[in-house]
Every structure is written in structure tokens, then in C-alpha cells.
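To start, the structure under review is shown below, and the notes come after it.
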Amino acid sequence: MGSKTPDEHRQGPDESSGQASIAAVNPQRPASASGLLHGTLEGDDEDGDDDDGGDLGVDSNHDQPKNGKQNKKKKRKSNKKKKKKKAPSGEQTTPPRVALANLTVFQDKQYPEGQIVDYDKNDNLQRTTAEEIRHLAALNDMDDEFLNDYRKAAEVHRQVRHHVQTIAKPGVSMSKLALEIEEGVRALTGHQGLETGDALKAGMGFPTGLCLNNIAAHWTPNEGGKEIILQNDDVLSVDFGVHVNGRIVDSAFTVAANPIYGNLLAAVKDATNTGLREAGIDARMDHMSGIIQEAMESYEVELNGKTIPVKAVRSLSGHNILRYKIHGDKQVPFVKTRSNQRMEEGDVFAIETFGTTGRGYMRDDVGIYGYGRNEGVSTAGLHHATAKSLLKTIDDNFGTLVFAKRYLERLGVKNYQLGMRSLVQSGIVEAYGPLVDVPGSYVAQFEHTVLLRPNCKEIISRGDDY
């Protein structure tokens with residue numbers, strides 16, 4: 001699913017990190033655990049007696065002679081020698097004088113960690129940022145369950161995609177194609193999405209996009225709309241997503257029955273494959289964007305006796321994918337762009353490119369492609385009962401997944417137009433409309449999803465079709 005560039009579209013709610021906390025505090029260690037042995041100061045004997053204070057003269061109240069003169073005796077010195085108590089071998093003395101390397105407790109050269117305290121954003125503003133926290137969360141999430149969910153979603157996408165490629169021929173209707181895709185995804189994931197919450201377990205990652213000719217992105221057939229039949233001279237881009245437990249695979253392809261569009265499709269496919277080749281940990285978006293554009297714009301198409309250069313679309317981009325959110329906070333432009341963003345370990349990216357024979361600048365067209373819940377907008381000011389009821393249905397069945405009007409109608413929701421208008425006007429729900437180039441132009445799209453794993457990248461959606 002295409003993502004608008006920053007100048008065109010706001011990418012998700014603001015996020016910030018909370019107050020950091022102490023991660024671990026070491027308990028008080030006993031003396032024996034730290035290698036210290038108390039009570040071995042020099043001069044202490046084994047019984048704890050004070051040698052310096054032994055055998056004093058007789059008390060003045062005793063042994064006085066009859067003549068009244070006090071018989072004074074000299075203080076006698078003790079003949080005992082002062083003993084030094086040695087610490088057992090491998091333990092520390094007091095005061096400490098034994099090298100750590102000679103202490104038994106440190107024979108493995110493993111020393112105790114100090115108090116672990118997370119960086120406080122108020123103390124170090126640039127260390128633990130919201131972006132870093134999201135990245136670490138994504139990295140921690142990349143476990144066996146994560147990979148299994150993504151691989152299942154990718155296999156569902158491949159099988160449905162291959163079937164659709166066999167029926168996406170002149171004469172087929174857009175409604176038929178959308179139905180085949182959506183029924184296939186729901187059947188293969190095992191979740192029909194009719195019971196409350198079932199569509200959040202697995203199913204469609206976003207509405208099926210079926211874009212003809214100058215429509216670049218975000219068009220889908222709606223109930224009551226004019227039926228559109230694929231023609232021999234049409235260029236059709238098919239873009240749909242599959243999710244399992246919120247892990248979304250996003251992949252797209254373009255078909256054209258007339259071979260005159262061959263170079264247009266080849267240019268965009270080459271650009272997407274270039275992006276996939278360049279993608280990786282620490283890859284810089286500004287560097288990638290220039291290479292992708294160069295690959296795409298090295299092609300030209302001959303239409304109606306005119307040679308037309310293929311242009312990279314400037315108002316769309318690839319994007320990272322978050323759990324239950326098709327558009328993350330990073331973008332992968334395919335027009336040379338100045339950006340300090342880069343790819344990181346644990347990221348999931350949809351590498352997609354759009355090429356056109358038109359101007360290369362998309363504009364919004366009339367109609368509704370789908371709706372998406374905006375988490376960052378407060379619902380406190382929502383007063384209409386119909387809007388509140390509709391919002392609960394959206395939260396229970398789609399969460400932050402983008403959905404089409406027909407998905408609501410499939411659940412049996414009726415008379416939702418007024419409530420939806422209120423949700424959109426308040427910013428709680430965002431409406432997506434078609435994006436188009438100038439009439440008479442043709443746009444093609446190719447896309448795959450790539451996982452940036454710690455030791456490799458996995459193009460999760462790639463199959464034998466390309």
C-alpha cells in the first residue's frame with residue numbers, strides 16, 4: 001500500500017518515550033559473597049582476648065600490710081606473643097590486600113554488575129528516544145513466532161497472487177478480482193472476519209487496491225459504484241496485504257495485456273528489485289533513493305509514435321511496517337531525497353516503486369478507498385451516539401488496520417455514513433482517497449516486503465513470479 005511522502009501526508013500519531021526506570025538493583029551482598037572476611041585485624045588473638053590488658057597489679061583494696069603501707073607491685077608484661085589470624089586461602093583479608101585474581105569468587109573472571117539504571121530522557125535528551133524504544137521493541141519482537149506469522153502471511157499472499165494473475169485478463173470486472181482476492185485471503189488464513197475480533201487475528205492487511213491506467217494508488221470497488229471491466233489496452237496494478245496476528249505482508253504487481261507497455265513494467269520492476277538489493281541494516285534512504293530513481297528512469301516507452309521517458313512518482317514512497325499499522329514512521333523514496341533516516345536491524349519494510357508516463361506528481365481524486373483509525377486523537381469530544389457505536393465496531397474488528405466500506409457492510413453495519421463523517425471530521429478516523437496522475441498517462445507498481453533480521457534480510461513475499 002503506497003505511502004504519501006512527508007509533504008503530502010502525515011504519517012501516524014506522535015509518539016514519545018515515558019520516564020525511564022531502574023531496570024535492576026543488586027541486593028546487598030554478604031561479606032562471604034564479595035570475598036571479604038571480617039575479624040582478622042592484626043593483633044586480635046583467636047579467642048578475642050586483649051593481650052595488652054592482661055595480668056595487672058592487685059587492686060588497691062587488697063593485700064595492704066599491717067603497718068598501713070601499700071605494697072606496690074610492678075605491672076608484669078605478658079609473655080604471650082601477638083598472633084596474626086590469616087584469612088583462608090582464596091578469601092579476602094581485612095584490610096583488603098589479596099589481588100582479585102587470587103580470590104576464589106572471581107576465578108572465572110566474572111565480576112558483579114553495578115546498579116543498572118536506564119537513561120533518563122530528562123537527563124540525556126538524545127539517548128533513549130521514542131524512535132530507539134520502538135526499534136528495540138521491534139527487535140525483541142523478531143522471534144520464532146514473528147517469523148512464523150510473517151511466513152504464513154507471505155505464503156497466503158503468494159498463493160492468492162498467483163491465482164489472481166491467471167484471471168486478471170481483459171473482460172474481468174474489478175469487483176470480481178477484489179472478491180477473489182479477499183475470499184482467498186480469508187479462506188487461506190482460516191479467519192472469515194465475521195465474528196467480533198476475528199479479523200484482528202488474521203486476514204486482509206488493508207483493502208484490495210485495483211488501480212487502472214493513470215490511477216496510481218488507493219482505488220477499490222465499492223458497493224453501488226459503476227462496474228469497471230478490464231480492457232486490452234489497460235494497465236492494472238494489484239496491491240493487497242495479508243496479516244497474521246497483525247504482521248502485515250504488503251506486495252503488489254502490475255499486469256498489461258498489450259505488450260507496448262512492456263518497458264514501463266520492466267522499469268518499475270527493475271527499480272523495485274534495485275531497492276530490495278540495496279535494502280539492509282544501516283542503509284541510508286538518501287543513498288537508496290538516488291540509485292532507485294536512476295534505475296527506473298533509464299527506461300523509456302514508445303506510445304502512439306512518441307518516445308516517452310519513464311518517470312519516478314514523486315509523491316509516493318515505500319515505507320516501514322509496524323504491527324497492525326501498514327504505514328510506519330520511515331519512508332523509502334524512489335526519487336533522490338535528502339534524508340537522515342536509515343534502515344535498522346529489526347525493521348520491516350515495504351519496498352515499492354511507482355513509474356509513470358505522466359507528470360510524476362499525484363493528486364487526490366474523488367471517492368473513498370478506505371478508512372484508518374487514528375490512535376493519537378482523543379475521543380473525549382465525541383458526542384454523537386452513532387459515531388460512538390461505529391467507533392466501537394471499528395476498534396473491535398479492525399483496530400488500526402485500514403478497512404474498506406464493504407468490510408463494514410459485510411459485518412452487517414448499516415446507516416453508518418453520518419457516524420463516519422463525524423469520526424473523520426474529528427480526526428479520529430482518516431479517510432483515504434484515490435491518487436491519480438494526469439489523464440491519458442499510465443502508472444505501474446511493483447512491491448515486496450523485506451525483513452531486516454540480525455544476520456540477514458528476508459524478502460518474505462518474493463515468489464517465482466518475480
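So the values come out like this:
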item: Qualifying residue in region 321-339 (condition: over 27 Å from Tyr371 (Cα atoms), touching a Phe, Trp or Tyr at 6+ places or on another chain (Cβ under 8 Å), in a loop (DSSP other than H, G, I, E, B) and not hydroxyl-bearing (Ser, Thr, Tyr)); result: no
item: One residue from Asn213, Asn222 being out of contact with any strand residue (DSSP E or B) (no Cβ under 6 Å at 6 or more places or on another chain) and in the same structural domain as Phe349 (by TED's automatic domain parsing); result: Asn222
item: Region 257-268, subset surrounded by fewer than 20 Cβ atoms within 10 Å (Cβ to Cβ) and of a type outside the set (S, T, N, Q), residue nearest to the chain's Cα centre (by Cα); result: Ala266
item: Breaking point among (1) modelled with pLDDT of 95 or more; (2) part of a loop (DSSP other than H, G, I, E, B); (3) out of contact with any helix residue (DSSP H, G or I) (no Cβ under 9 Å at 6 or more places or on another chain), for Trp219; result: (3)
item: All positions within region 292-319 that are part of a strand (DSSP E or B), in contact with a helix residue (DSSP H, G or I) (Cβ under 9 Å, 6 or more places away or on another chain) and under 15 Å from Gly275 (Cβ atoms); result: Ala312, Ser317, Gly318
item: Given (1) touching a helix residue (DSSP H, G or I) at 6+ places or on another chain (Cβ under 7 Å); (2) assigned to a loop (DSSP other than H, G, I, E, B); (3) among the aromatic types (Phe, Trp, Tyr), number of the condition Tyr361 does not satisfy; result: (1)
item: Qualifying residue in region 277-291 (condition: out of contact with any Leu (no Cβ under 8 Å at 6 or more places or on another chain), assigned to a loop (DSSP other than H, G, I, E, B) and surrounded by 18 or more Cβ atoms within 10 Å (Cβ to Cβ)); result: yes
item: Pairs with Cβ under 9 Å, 6+ apart, first in region 358-374 and farther than 26 Å from Leu264 by Cβ, second polar (S, T, N, Q); result: Ile368/Thr220; Ile368/Asn222; Gly370/Thr220; Gly372/Thr400; Arg373/Thr400; Asn374/Thr400
item: Flag if Leu451 is surrounded by 15 or more Cβ atoms within 10 Å (Cβ to Cβ) and part of a strand (DSSP E or B); result: yes
item: Given (1) surrounded by fewer than 24 Cβ atoms within 10 Å (Cβ to Cβ); (2) in contact (Cβ under 8 Å) with a residue 24 or more places away in the chain; (3) in contact with a strand residue (DSSP E or B) (Cβ under 7 Å, 6 or more places away or on another chain); (4) farther than 18 Å from Val249 by Cα, index of the condition Glu302 fails; result: (3)
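The values are calculated or read from the model by the stated rules, or taken from the named source; none is laboratory data. Every value quoted in this text rests on a predicted model; they were computed, and no experiment measured them. FYI the Cβ positions are ideal-geometry reconstructions off the backbone, even for glycines, and counts take in every protein chain you see.
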